[in-house]
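A.B. asks: I have a structure I would like to understand better, so I am pasting it below and will then ask my questions one at a time.
The values are calculated or read from the model by the stated rules, or taken from the named source; none is laboratory data. What you are looking at is a predicted structure, and each value in this text was computed from that prediction instead of being measured. Here Cβ is always computed from backbone atoms with ideal geometry, including for glycine, and neighbour counts include all displayed protein chains.
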Amino acid sequence: MNEWSNLWEKGQVTTFAYLFPNGYIEGFIGDWLDSLELGDDILEVGCGNASLVPYLQHRGVGKNYTGVDSAKIQLPEMQIKNLNITLHKETKMEDTSFIGKFDQVVSIYGLEYTYMFRTLPLVYESLKKNGQIHLMLHNTDSPITRYARKQLSTHYSINFKSTGNLVDDFKSEKIRHKKQIEVSRDKNEIEVFKCNLEKTGFTDIKITEQEQKFAWLISAKRL
């Protein structure tokens, strides 16, 4: 079973369900979202179970939400008001073709799991004129990534190929933590990412490190 599908089929709204059981309406991610000026038409890349929807509902932001994720996903169990929702399930961003449709593209620990150099041009083309991207990417030095490293070194020493009776959850957690470490970025990699944003055509690029180093925060604009 796909490790992400295994997670989302349990009904969780976010990857960090124990920290954000009701979605990203508070905490450091909620604070970041509050700092953005989101428009009517929003695309979330690597959306999981539409993780941005509870926030949009809580704040009364947006009119049309589109979520894309390569896993099997589902809408969170909540009352949806004044928000049109479209989910592209089991769909890679690289296989989409949105042209000039969105005011903003948002990704919360999601874009880095795509083939980013192929994804960025598609993200760019999906935006309206003066549309913006707002990205939260894994930081190599973040407590989240350090936790993933600790889990791998401490709890996941079993060779799955030689063990036939392990539960899917345990195996999936190992794979997810491994990928989390692999996609996290240091300062040099962020500079490379910035260069690729520039080559794609993005302007007004702003990259900051979240205060507790939980993430890289990136925004940019399409002309």
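A.B. asks: Got a number for residues in the range 167-190 being among the small types (Gly, Ala, Ser) and more than 15 Å from residue 157 (Cα to Cα)?
C.D. replies: Adding up the residues that qualify gives 1.
A.B. asks: While we're on this one: If we scan the range 120-132, do we find a residue that is out of contact with any Gly (no Cβ under 7 Å at 6 or more places or on another chain), in a loop (DSSP other than H, G, I, E, B) and under 25 Å from residue 70 (Cα atoms)?
C.D. replies: no
A.B. asks: Can you tell me which residue among 113, 124 is more than 25 Å from residue 26 (Cβ to Cβ) and of a type in the set (Ser, Thr, Tyr)?
C.D. replies: Just one listed residue meets the conditions, 124.
A.B. asks: Inside the range 62-77, can you point out the residues that are over 21 Å from residue 34 (Cα atoms), assigned to a loop (DSSP other than H, G, I, E, B) and without any contact (Cβ under 8 Å) to a residue 60 or more places away in the chain?
C.D. replies: 75
A.B. asks: May I pose another question? Is the range 13-31 home to any residue that is small (Gly, Ala, Ser), surrounded by fewer than 21 Cβ atoms within 10 Å (Cβ to Cβ) and modelled with pLDDT under 85?
C.D. replies: There is at least one residue in the range 13-31 that is small (Gly, Ala, Ser), surrounded by fewer than 21 Cβ atoms within 10 Å (Cβ to Cβ) and modelled with pLDDT under 85.
A.B. asks: Follow-up. Given the options 6, 49, name the one that is under 20 Å from residue 93 (Cβ atoms) and not acidic (Asp, Glu).
C.D. replies: 49
A.B. asks: Right, another one. I need the full set of residues from the range 32-76 which are touching a Gly at 6+ places or on another chain (Cβ under 7 Å) and surrounded by fewer than 16 Cβ atoms within 10 Å (Cβ to Cβ), in order please.
C.D. replies: The answer is 40, and nothing else.
A.B. asks: Any residue in the range 175-186 that is under 11 Å from residue 142 (Cβ atoms) sitting within a Cβ distance under 6 Å of a residue that is aliphatic (A, V, I, L, M) and assigned to a helix (DSSP H, G or I)? List the pairs, counting only those 6 or more apart or interchain.
C.D. replies: Pairs found: 180/148; 181/148.
Residues are listed down the side, and each one gets a yes or a no for (1) in a helix (DSSP H, G or I); (2) farther than 29 Å from residue 172 by Cα; (3) in contact with a His (Cβ under 9 Å, 6 or more places away or on another chain):
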residue	(1), (2), (3)
10	no, no, no
14	no, no, no
49	no, no, no
80	no, yes, no
86	no, no, no
97	no, yes, no
105	no, no, yes
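A.B. asks: For residue 95, all conditions in the list (1) within 22 Å of residue 32 (Cα to Cα); (2) without any contact (Cβ under 8 Å) to a residue 12 or more places away in the chain hold save one; what is the number of the exception?
C.D. replies: (1) is the only condition that residue 95 fails.
A.B. asks: For the range 16-47, name all the residues that are in contact with a Ser or Thr (Cβ under 9 Å, 6 or more places away or on another chain) and either of a type in the set (A, V, I, L, M) or not in a loop (DSSP other than H, G, I, E, B) (or both).
C.D. replies: Across the range 16-47, the qualifying residues are 29, 36, 41, 42, 43, 44, 45.
A.B. asks: Picking from 223, 122, 127, which residue would you name as being over 17 Å from the mean Cα position of the chain (by Cα) and buried (at least 16 other Cβ atoms within 10 Å of the Cβ)?
C.D. replies: Among 223, 122, 127, only 127 is over 17 Å from the mean Cα position of the chain (by Cα) and buried (at least 16 other Cβ atoms within 10 Å of the Cβ).
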